[in-house]
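Accompanying notes for the structure given below.
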Amino acid sequence: MTDRAIIDWPAWTDSPPGRYVLEWEQTQLDRVVSDVFGYHALQLGLPQLDALRENRMPCRGLVLDAASGASAPYTFPRGPAQAGNGSAGNRSAQAEPTVLTAPAGRSAVWCDLLDLPFEAQSVDLIVMPHTLEFTSDPHRLLREAERVLMPEGQLIILGFNSLSLWGARQSVGKMTGRPFVPAAVDLIAFTRLKDWIKLLGFDLERGRFGCYRPPLGSDQWLSRYGFMEAAGDRWWPIFGATYMIKAIKRVRGMRLVGPLKVKKPVLAPGLAPAATPNTRNHTQ
């Protein structure tokens, strides 16, 4: 593979390791999003993955920006062209014009992912496939996701695991100028991401690791290590090349904080204070 195929999302997803990762992630997403209900669902970035394919919400959108891996001319996998689904203004400088068509039943929205054009608490589900890895400010992106999610809304995050063979090769590759996976920032550890989402008020519902084969660049070598899938899932699950986190936004009840007012004790009903003797009525 060339350097461009390694660092460019559209080209990397067409490579053997890219197809291997996307196949696992597509399988997991199809299973998870099928039982998430509501009205509005969003996929942030990575159009090469159809994250909402099995979801049944009436309003599903694909949100893209120039850094999300779709800056090159790209036509979505399936679905007829729909008027108003996207803007061709960001593609006017491309040499070969392409028709922007979103998958059936979805709309494409071009915007800055760090400043989402959606009202607060208006979305039921957000899927972020590797979105934190190609953004310049992962913390801000998570805050934006928390802002637009409704209470009890669900957030699904997919990313590369830094505590894996793929993470080790990525670290060595970045030092030598040949990274193995595309990422604008360093890979985010699973444990660090859990801390981030907990600070934002999310409850972690489930997490899963996958892709235990070594970071190899050909289908032939990847297929030779197919036995590592079952072994890794059983014996070293936290060292998978990729992970998926599903979290739920919790909104705690309000509690008034202030000085406590001490109430005077009230006598129990039926009890009266003891009578004091009247000394003037007593005789000597």
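The values are calculated or read from the model by the stated rules, or taken from the named source; none is laboratory data. Predicted, not measured: the structure shown is a model, and the values here were computed from it. Glycine also receives a Cβ, built like all others from the backbone with ideal geometry; neighbour counts cover every protein chain displayed.
Limited to segment 19-71, what total is found for residues that are in contact with a Cys (Cβ under 7 Å, 6 or more places away or on another chain) and within 26 Å of residue 218 (Cα to Cα)?
Qualifying residue count, segment 19-71: 3.
Residue by residue, here is whether (1) assigned to a helix (DSSP H, G or I); (2) modelled with pLDDT of 90 or more holds:
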{"position": "63", "(1), (2)": "no, yes"}
{"position": "77", "(1), (2)": "no, no"}
{"position": "85", "(1), (2)": "no, no"}
{"position": "90", "(1), (2)": "yes, no"}
{"position": "125", "(1), (2)": "no, yes"}
{"position": "132", "(1), (2)": "yes, yes"}
{"position": "140", "(1), (2)": "yes, yes"}
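Restricting segment 102-116 to residues that are in contact with a strand residue (DSSP E or B) (Cβ under 8 Å, 6 or more places away or on another chain) and either polar (S, T, N, Q) or closer than 20 Å to residue 132 by Cβ (or both), which is modelled with the lowest pLDDT?
Of segment 102-116, the ones in contact with a strand residue (DSSP E or B) (Cβ under 8 Å, 6 or more places away or on another chain) are 102-103, 105-111, 113, 116.
Subsequent filtering for residues that are either polar (S, T, N, Q) or closer than 20 Å to residue 132 by Cβ (or both) retains 107, 109-111, 113, 116.
Numbers: 107: 84, 109: 89, 110: 90, 111: 91, 113: 92, 116: 93.
Looking at the filtered set, the residue picked out is 107.
Could you list, in sequence order, all residues of segment 149-171 that are under 17 Å from residue 55 (Cβ atoms) and either among the aliphatic types (A, V, I, L, M) or under 13 Å from the mean Cα position of the chain (by Cα) (or both)? Can you show your working first?
First pass over segment 149-171, keeping only residues under 17 Å from residue 55 (Cβ atoms): 149-150, 152-158.
Answer for segment 149-171, where residues must be under 17 Å from residue 55 (Cβ atoms) and either among the aliphatic types (A, V, I, L, M) or under 13 Å from the mean Cα position of the chain (by Cα) (or both): 149, 150, 153, 154, 155, 156, 157, 158.
Do you know which of the residues in segment 164-186 that are assigned to a helix (DSSP H, G or I) and aliphatic (A, V, I, L, M) is farthest from residue 136 (Cα to Cα)?
In this case the residue turns out to be 165.
Of the numbered conditions (1) β-branched (Val, Ile, Thr); (2) in contact with a His (Cβ under 6 Å, 6 or more places away or on another chain); (3) at pLDDT below 90, residue 176 satisfies every one except a single condition; which is it?
It is condition (2) that residue 176 fails.
Condition (residue is under 23 Å from residue 12 (Cα atoms) and either outside any strand (DSSP E or B) or without any contact (Cβ under 8 Å) to a residue 60 or more places away in the chain (or both)) applied to segment 190-205: is it met by at least one residue?
So in segment 190-205, the residues under 23 Å from residue 12 (Cα atoms) come out as 190.
Imposing the further condition that a residue be either outside any strand (DSSP E or B) or without any contact (Cβ under 8 Å) to a residue 60 or more places away in the chain (or both) reduces the set to 190.
So far as segment 190-205 goes, yes, one or more of its residues are under 23 Å from residue 12 (Cα atoms) and either outside any strand (DSSP E or B) or without any contact (Cβ under 8 Å) to a residue 60 or more places away in the chain (or both).
Among the residues that make up segment 16-31, is at least one of them under 24 Å from residue 177 (Cα atoms), at pLDDT 90 or above, surrounded by fewer than 18 Cβ atoms within 10 Å (Cβ to Cβ) and touching a Gly at 6+ places or on another chain (Cβ under 8 Å)?
Yes: one or more hits.
Six or more apart or on different chains, Cβ atoms under 7 Å: show the pairs whose first residue is in segment 231-249 and closer than 11 Å to residue 212 by Cα and whose second is surrounded by 16 or more Cβ atoms within 10 Å (Cβ to Cβ) and of a type in the set (Asp, Glu).
Sorted first by the residue in segment 231-249, then by its partner, the pairs are 242/25.
Determine which single condition residue 171 fails, assuming it passes every other condition in (1) of a type in the set (Ser, Thr, Tyr); (2) touching a residue at least 60 places away in the same chain (Cβ under 8 Å); (3) surrounded by 13 or more Cβ atoms within 10 Å (Cβ to Cβ).
Status for residue 171: all satisfied but (2).
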